[in-house]
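Below: the structure, in structure tokens.
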Amino acid sequence: MTVQIRASQDGATATFHLRGEIDLANHVAVEEQLTRAISNEATLVRVDLTEVSFIDSSGLRVLFALTTRLERLQIGLELVAPEASPARRVIELSGLASLVTVRTDLA
Amino acid sequence: MGVRTASSADEPTAEDRLRLIEGITDVGVALQDVEDVLTDLLDRVCEALGVDTGAVLLLDARSGELVATAARGIEEEVRQGLRIPLHQGFAGRIAAEKRPVVLDRVDATTVISPHLVARGIQSLLGVPLLEGGEVVGVLHVGTHAPRRFTDEDVSLLQVVADRITSATRPRIAASERQATLALQRGLLPHALPDIAGLGLASRYVPGGGNAVGGDWYDVLRLGGGWVGLVIGDVSGHGLHAAVIMGRVRSALRAYAIETRDPADVLSRLDNKLQHFEAGEMATVLYAVVEPSLEQAHVSCAGHLPPLLTVPDGESTRFLDLPVDPPLGVRLGFRRHATSVPIPPGARLCFYTDGLVEERGTPIDVGLERLRATAGGDTAEATCATIMSGLVGSSILEDDVALLVVERLAVDEQAPLELRLTAEPPVLAHIRSAARQWLRSTGADADEVDEVLLAVGEATSNVVEHAYGPEGGELHVRFERDGSTLTVTVRDHGRWRAPRGTDRGRGAALMEHCSDEVRVDRTPGGTKVTLVRTLRSIGGGS
């Protein structure tokens, strides 16, 4: 896989750090891994895209789907993408930024 | 069954025996392999001595075991891979003590081989096979009926043993060398990968005689446009060194895709080698080149320094790198990684000591000769010049491995053309190649990212929509005219409208990241042309 996912937990907040590239080849696996790892006890999910060097419309599909699903379950979602990072640009271009909170760092 | 005595009429005479022994050396069947030659010899031995069984076991020095290699009358010893540890049992004793042994009682207390007992062998005579005073194996013969082997029998068998050793050793060396070469050819890259922005060339020449084995080189795509360059030398010679080299090479690749820190890769490799292959040693030099090709990060484990030729002023010098211990020596210390700038047009030569070492001459002489010889217009020309200057027509004792890497100057940059099957995994390859090519145009990171995004969408479309289940070809071409970049993405399938829900973002991304997007649909396929002015590189090439 050209992408790695590392999960960390802090109370009821689950953070997923993604590193690598998300594209047509692996976006389904990424979505499965993320959804499987989120339990209904979480109150907030953060997806850290700081180390994502490439994400295209397939990757966006994953983020949009996650947004919809977590909203339904009343679990909060935050995306982390530094200014001018590949992920940030794509998020802004796609209009996702108006649906979900996007932070520049994990702090 | 009666006891046979020495004066029995059907036993061969001394004359017969001599003739048969001489016959053994006439087994000039050059094309037979070792087992066949030995089996043939054993036939004659059994006849000459009037015995029922014969076997040859050869010593595997590394494991300290005798391996049944040929047998007559007890073929199962060979078929079942019988191994006798030195010092144990009958054959083990002969090898350990380097002298003949006669057994008149054959049971589990005196022999290890269950086959000897099962066949009802009652008497055994064995002698060591010696070469230069060292044991290389054991030859033994046995009889179903009890027999008193005489001193004459022993001397005769000893003579046979000598002849066997001299007849078969050259064959064993040759077949081992064949195996090593085959293994090594299988392990070394046949063709170097095509990496945009880099010129690559290499040579591997096995040393004469037994000196084939542990040298290797490797060029690795690490994902995201990073490139790994490896040169290494496992200690020792022959098949064993080549096998260890295969493992080290493979393990390095595994660690290389996990971390881009070359010191970390070598430390892990060291750990693995010492854990699983204790006692083995290797020198390795590993360089990780950034996607921009601007610099490489190098870690050196006891290996000779690479040569760097810089085009401005044409200076050639050895890299001044900290030299950490080779792999396999000790653990628990920190390995170094050094950043080395690589200007456009610069060339790096990685090599093994076989290229510069000559018996009786200090190594600095060879190194200086390399430095003075390394020159040529391309990586390939440099390889050829070095090999003819340092190797010429001599047969070197040691292997030589040579890898030359050139960072192509920007104006030498040819268009990037890729033809691949339209499947999801190729998208990452395209990005990797494109990233390097784009960076070597001098475009900055942001522009590169946007171009990759646009191209990614166009290529993903082909993978998803252009073909039916049988698939088809995806053809991508990048070219630059001054600061204008043109990318064409072609397929020869049939265009169809996007399907499913939650789609349509791709086209918007493509439009946003390009100055112009043209889509030409024909019955023969679709061509998407993306044009963009690379603002970060200004005008002109």
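Right, A:Leu18: among the aliphatic types (A, V, I, L, M) and not in a helix (DSSP H, G or I) or not?
Criteria met by A:Leu18.
I need a count of the residues in region B:318-353 that are of a type outside the set (Phe, Trp, Tyr) and not in a loop (DSSP other than H, G, I, E, B).
Count: 10.
Kindly list the number of the only condition in (1) assigned to a helix (DSSP H, G or I); (2) within 14 Å of chain B (Cβ to nearest Cβ); (3) not aromatic (Phe, Trp, Tyr) that fails for A:Leu70.
(2)
Kindly indicate whether B:Ser514 is within 20 Å of B:Ser292 (Cα to Cα), away from chain A (no Cβ under 11 Å) and touching a residue at least 12 places away in the same chain (Cβ under 8 Å).
no
Out of the residues in region B:67-82 that are buried (at least 19 other Cβ atoms within 10 Å of the Cβ) and among the charged types (D, E, K, R), state the one that is modelled with the lowest pLDDT. Break it down into steps so the answer makes sense when it comes.
In the first step, residues of region B:67-82 are kept if they are buried (at least 19 other Cβ atoms within 10 Å of the Cβ); the result is B:68-74, B:77-78, B:82.
Pick out the ones that are also among the charged types (D, E, K, R) and you get B:72, B:77.
Numbers: B:Arg72: 89, B:Glu77: 74.
It comes out as B:Glu77.
Do we have B:Arg369 as more than 21 Å from B:Leu200 (Cα to Cα) and assigned to a loop (DSSP other than H, G, I, E, B) here?
Spelling it out, it is not the case that B:Arg369 is more than 21 Å from B:Leu200 (Cα to Cα) and assigned to a loop (DSSP other than H, G, I, E, B).
For A:Leu34, all conditions in the list (1) touching a Leu at 6+ places or on another chain (Cβ under 9 Å); (2) farther than 20 Å from A:Val100 by Cβ; (3) outside any strand (DSSP E or B) hold save one; what is the number of the exception?
Going through the list (1) touching a Leu at 6+ places or on another chain (Cβ under 9 Å); (2) farther than 20 Å from A:Val100 by Cβ; (3) outside any strand (DSSP E or B), A:Leu34 breaks only (2).
Assess whether A:Asp23 counts as being acidic (Asp, Glu) and touching a helix residue (DSSP H, G or I) at 6+ places or on another chain (Cβ under 9 Å).
yes
Here are some conditions: (1) over 14 Å from B:Gln158 (Cβ atoms); (2) over 43 Å from the mean Cα position of the chain (by Cα); (3) in contact (Cβ under 8 Å) with a residue 24 or more places away in the chain. B:Val102 meets all but one. Which one does it not meet?
(1) is the only condition that B:Val102 fails.
Would you say A:Glu78 is within 14 Å of chain B (Cβ to nearest Cβ) and among the charged types (D, E, K, R)?
Working: within 14 Å of chain B (Cβ to nearest Cβ): no; among the charged types (D, E, K, R): yes.
Against the criterion (within 14 Å of chain B (Cβ to nearest Cβ) and among the charged types (D, E, K, R)), A:Glu78 does not qualify.
Of the conditions (1) of a type in the set (Gly, Ala, Ser); (2) more than 7 Å from every other protein chain (Cβ to nearest Cβ); (3) surrounded by fewer than 24 Cβ atoms within 10 Å (Cβ to Cβ), B:Ala428 clears all except one; give me its number.
Unmet for B:Ala428, out of (1) of a type in the set (Gly, Ala, Ser); (2) more than 7 Å from every other protein chain (Cβ to nearest Cβ); (3) surrounded by fewer than 24 Cβ atoms within 10 Å (Cβ to Cβ): (2).
Give all pairs with beta carbons closer than 8 Å in which a residue from region B:363-379 that is charged (D, E, K, R) meets a residue that is assigned to a helix (DSSP H, G or I) and at pLDDT below 90; count only pairs at least 6 apart in sequence or on separate chains.
B:Arg369/B:Gly389; B:Arg369/B:Leu390
Say whether the condition of being closer than 17 Å to B:Leu58 by Cα and of a type in the set (Gly, Ala, Ser) is met by at least one residue in region B:100-108.
Checking region B:100-108: not a single residue is closer than 17 Å to B:Leu58 by Cα and of a type in the set (Gly, Ala, Ser).
Of A:Pro86, A:Pro82, which residue is within 21 Å of B:Ser460 (Cα to Cα) and free of Cβ contacts under 8 Å to residues at least 40 places away in the same chain?
A:Pro86
Within region B:224-259, which residues are within 14 Å of another protein chain (Cβ to nearest Cβ) and crowded, with 18+ Cβ neighbours inside 10 Å? I'd like the intermediate steps shown before the answer.
Step one: list which residues in region B:224-259 are within 14 Å of another protein chain (Cβ to nearest Cβ), which gives B:224-226, B:257-259.
Of everything in region B:224-259, those that are within 14 Å of another protein chain (Cβ to nearest Cβ) and crowded, with 18+ Cβ neighbours inside 10 Å turn out to be B:Gly224, B:Gly225, B:Trp226.
Over 22 Å from B:Ile195 (Cβ atoms) and in contact with a strand residue (DSSP E or B) (Cβ under 9 Å, 6 or more places away or on another chain) - does that describe any residue in region B:285-298?
No, the conditions are met nowhere in region B:285-298.
Return the residues of region B:149-165 that are of a type outside the set (A, V, I, L, M, F, W, C) and within 47 Å of the chain's Cα centre (by Cα); say none if nothing qualifies. Talk me through it step by step, then tell me what you get.
Keep residues of region B:149-165 that are of a type outside the set (A, V, I, L, M, F, W, C), which gives B:150-153, B:155, B:158, B:162-163, B:165.
If the condition is that a residue be of a type outside the set (A, V, I, L, M, F, W, C) and within 47 Å of the chain's Cα centre (by Cα), then B:Ser155, B:Gln158, B:Asp162, B:Arg163, B:Thr165 are the ones that fit.
What about A:Gln4, is it within 11 Å of chain B (Cβ to nearest Cβ), surrounded by fewer than 21 Cβ atoms within 10 Å (Cβ to Cβ) and either touching a strand residue (DSSP E or B) at 6+ places or on another chain (Cβ under 9 Å) or among the aliphatic types (A, V, I, L, M) (or both)?
Yes: the conditions hold for A:Gln4.
Report yes if some residue within region B:478-487 is aromatic (Phe, Trp, Tyr) and either within 14 Å of chain A (Cβ to nearest Cβ) or part of a strand (DSSP E or B) (or both); otherwise report no. If you could, list the steps in order and put the result at the bottom.
At the first step, the residues of region B:478-487 found to be aromatic (Phe, Trp, Tyr) are B:478.
When the remaining residues are screened for being either within 14 Å of chain A (Cβ to nearest Cβ) or part of a strand (DSSP E or B) (or both), the result is B:478.
Yes; the residues of region B:478-487 include at least one that is aromatic (Phe, Trp, Tyr) and either within 14 Å of chain A (Cβ to nearest Cβ) or part of a strand (DSSP E or B) (or both).
Taking region A:53-64, which residues are more than 7 Å from chain B (Cβ to nearest Cβ) and under 10 Å from the mean Cα position of the chain (by Cα)? Reasoning before the result, please.
In the first step, residues of region A:53-64 are kept if they are more than 7 Å from chain B (Cβ to nearest Cβ); the result is A:55, A:59, A:62-63.
Scanning region A:53-64 gives A:Gly59, A:Val62, A:Leu63.
Does at least one position in region B:201-211 carry a residue that is among the basic types (Lys, Arg), assigned to a strand (DSSP E or B), buried (at least 17 other Cβ atoms within 10 Å of the Cβ) and modelled with pLDDT under 90?
yes
Can you name the condition, by its number, that B:Ala71 falls short on among (1) within 37 Å of the chain's Cα centre (by Cα); (2) in a loop (DSSP other than H, G, I, E, B)?
Evaluating B:Ala71 over (1) within 37 Å of the chain's Cα centre (by Cα); (2) in a loop (DSSP other than H, G, I, E, B) leaves (2) as the failure.
Scan region B:292-333 residue by residue and report those that are farther than 14 Å from B:Pro262 by Cα and among the β-branched types (Val, Ile, Thr).
If the condition is that a residue be farther than 14 Å from B:Pro262 by Cα and among the β-branched types (Val, Ile, Thr), then B:Thr309, B:Val310, B:Thr316, B:Val329 are the ones that fit.
Scan (1) surrounded by fewer than 20 Cβ atoms within 10 Å (Cβ to Cβ); (2) touching a helix residue (DSSP H, G or I) at 6+ places or on another chain (Cβ under 6 Å) for the single condition B:Glu406 breaks and write down its number.
The one condition B:Glu406 does not meet is (1).
Would you point out the residue of region B:442-457, among those that are free of Cβ contacts under 8 Å to residues at least 60 places away in the same chain and within 38 Å of the chain's Cα centre (by Cα), that is surrounded by the most Cβ atoms within 10 Å (Cβ to Cβ)?
Across region B:442-457, the extreme among qualifying residues is B:Gly456.
If I ask for residues that are of a type outside the set (Ser, Thr, Tyr) and assigned to a helix (DSSP H, G or I), which ones from region B:456-470 would you list?
If the condition is that a residue be of a type outside the set (Ser, Thr, Tyr) and assigned to a helix (DSSP H, G or I), then B:Gly456, B:Glu457, B:Ala458, B:Asn461, B:Val462, B:Val463, B:Glu464, B:His465, B:Ala466 are the ones that fit.
Identify, please: which residue in region A:7-52 is within 13 Å of chain B (Cβ to nearest Cβ) and surrounded by fewer than 18 Cβ atoms within 10 Å (Cβ to Cβ) and is, among those, nearest to B:Asp446 (Cα to Cα)?
A:Glu51
If A:Ser94 meets every condition in (1) surrounded by fewer than 18 Cβ atoms within 10 Å (Cβ to Cβ); (2) within 14 Å of another protein chain (Cβ to nearest Cβ) apart from one, which number is that one?
(1)
The values are calculated or read from the model by the stated rules, or taken from the named source; none is laboratory data. What you are looking at is a predicted structure, and each value in this text was computed from that prediction instead of being measured. As a convention, Cβ positions derive from the backbone with ideal geometry for all residues, glycine included, and neighbour counts pool all protein chains shown.
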